[in-house]
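Okay, structure first, notes after.
The values are calculated or read from the model by the stated rules, or taken from the named source; none is laboratory data. In this text the structure is predicted, and so the values were computed from the model without any measurement. Using ideal geometry, Cβ is built from the backbone for each residue, glycine included, and neighbour counts are taken over all protein chains shown.
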Amino acid sequence: MQATVNPRTPSPVARATLLAYVLLIVYASWFPFSGWQNQGLSPLIFLQHTEMPRYWTKFDAIINVVGYVPLGMLIVYALYPRLRGVWAFLVAALCGALISGAMEAVQTYLPSRVSNNLDFYTNAAGGALGALFGVLSAGRLLDGSPLYRLRQRWFAQHASQGLVLMALWPLAQIYPQGFLFGHGQLLPILSDWLSELLDESVDLVELVRPGVELTVEQYWLSETIITACGMVGAGLTLLCMTRKPSPRAGLLIALVGAAVVIKALATALLFSPENAFVWVTPGAQGGFLIGAIMLAGLAFAPHMAQRRLAAITLLLSLLIVNSTPVNPYFTATLQGWVQGKFLNFNGAAQFLALLWPFFALWFLLLPSHKLNRP
């Protein structure tokens, strides 16, 4: 039975998206999360300077404005319909400025980051601009719009957080990974953090697979499993939220197609156009084919089975991706990657690549799946 549209209730999708975007801003602003120390500076020193920073470009200023526009819009959407108009604009603009100020203040404890007034003012301006756009568009977008009605018709009532997760999955392909759809490779990063904290070399990967060297066939098999499990886990997470009228095959094709296109474009941009499809290895091809076959067979399985299989495949992918050595060729390629002006953007992309499967597992384990079956 089609869900009743109630446009006057706050949008769970908007609130879940706002939370995800704030987390991205935090990660991007404080990346790489190392070298923390008190430099004897006031956290509000960026407000004490009246002159512009010595080194800045129009590119930096534009990126700072654009990066906070979605934040301002999402705050307005999350407040709607309880706050609208001028009050929604003022609250959203103020929250954007406070978040920007908090990011700049904490950066004074990171030697690798520079806190300055230009970033604060441009970020605050972006938040205010986004708040204005949000106020002008909230009614048309949230009050029973065609998009809202489509969401109610195609997806279960409890699917709001999951829809945000699925929208982020293609974006998680931006950060270079050693394996196609191989997200959640945390052990190398945790090893670096522990090594810095303990002032001695720590290799958690070696603890998981002590002295084990994979053959070419074993490495190919691991890559195939990682690709297939990552693809099936994401696809089934989407499917377990759908209703019967939804075009399940079309949604799956759109999801995986968007991920592949974004992966290719990001690789071409970050490295070079001729490397756009360097990730299409024999293991990735085999895993993609197996994943497509599994999704075709499970597209109309019971939602409970889809949810459980999604969690199992994501867990299996996490286990193997954290115990399989990265291709040395990929490591050498990554060392030649100059992040430059995109440091903040790459930090947010890495956040998605690392934590997406953990957020997906959290969503799959929510009790709302049992209480609100489609």
### Summary
Counting only residues in the stretch 157-173 that are at pLDDT 85 or above and outside any helix (DSSP H, G or I), the one farthest from residue 15 (Cα to Cα) is identified as 173
### Filter result for residue 33 (surrounded by 19 or more Cβ atoms within 10 Å (Cβ to Cβ) and at pLDDT 65 or above)
no
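Looking at residue 137, is it within 16 Å of residue 28 (Cβ to Cβ), in the same structural domain as residue 16 (by TED's automatic domain parsing) and polar (S, T, N, Q)?
Values: within 16 Å of residue 28 (Cβ to Cβ): no; in the same structural domain as residue 16 (by TED's automatic domain parsing): yes; polar (S, T, N, Q): yes.
For residue 137, the condition - within 16 Å of residue 28 (Cβ to Cβ), in the same structural domain as residue 16 (by TED's automatic domain parsing) and polar (S, T, N, Q) - is not met.
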### Query
What's the number of the condition residue 102 fails, among (1) in a helix (DSSP H, G or I); (2) in contact (Cβ under 8 Å) with a residue 40 or more places away in the chain?
(2)
### Query
Looking at (1) surrounded by fewer than 19 Cβ atoms within 10 Å (Cβ to Cβ); (2) within 19 Å of residue 30 (Cα to Cα), which is the only condition residue 64 fails?
(1)
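Restricting attention to the stretch 113-149, which residues are hydrophobic (A, V, I, L, M, F, W, C) and at pLDDT below 80?
Of the residues in the stretch 113-149, the ones hydrophobic (A, V, I, L, M, F, W, C) are 114, 118, 120, 124-125, 128-129, 131-133, 135-136, 138, 141-142, 147.
Those that are hydrophobic (A, V, I, L, M, F, W, C) and at pLDDT below 80: 114, 141, 142, 147.
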### Task
Considering only residues that are hydrophobic (A, V, I, L, M, F, W, C), within 15 Å of residue 109 (Cα to Cα) and not in a helix (DSSP H, G or I), look in the stretch 36-54 and name the one that is modelled with the highest pLDDT.
44
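Quick one: in the stretch 1-30, which of the residues that are within 17 Å of residue 80 (Cβ to Cβ) and part of a loop (DSSP other than H, G, I, E, B) is modelled with the highest pLDDT? Working first, answer last.
Here is the first cut: in the stretch 1-30, the ones within 17 Å of residue 80 (Cβ to Cβ) are 5-19, 21.
With part of a loop (DSSP other than H, G, I, E, B) added as a condition, the list becomes 5-11.
Details: 5: 42, 6: 47, 7: 46, 8: 57, 9: 67, 10: 69, 11: 74.
Selected residue: 11.
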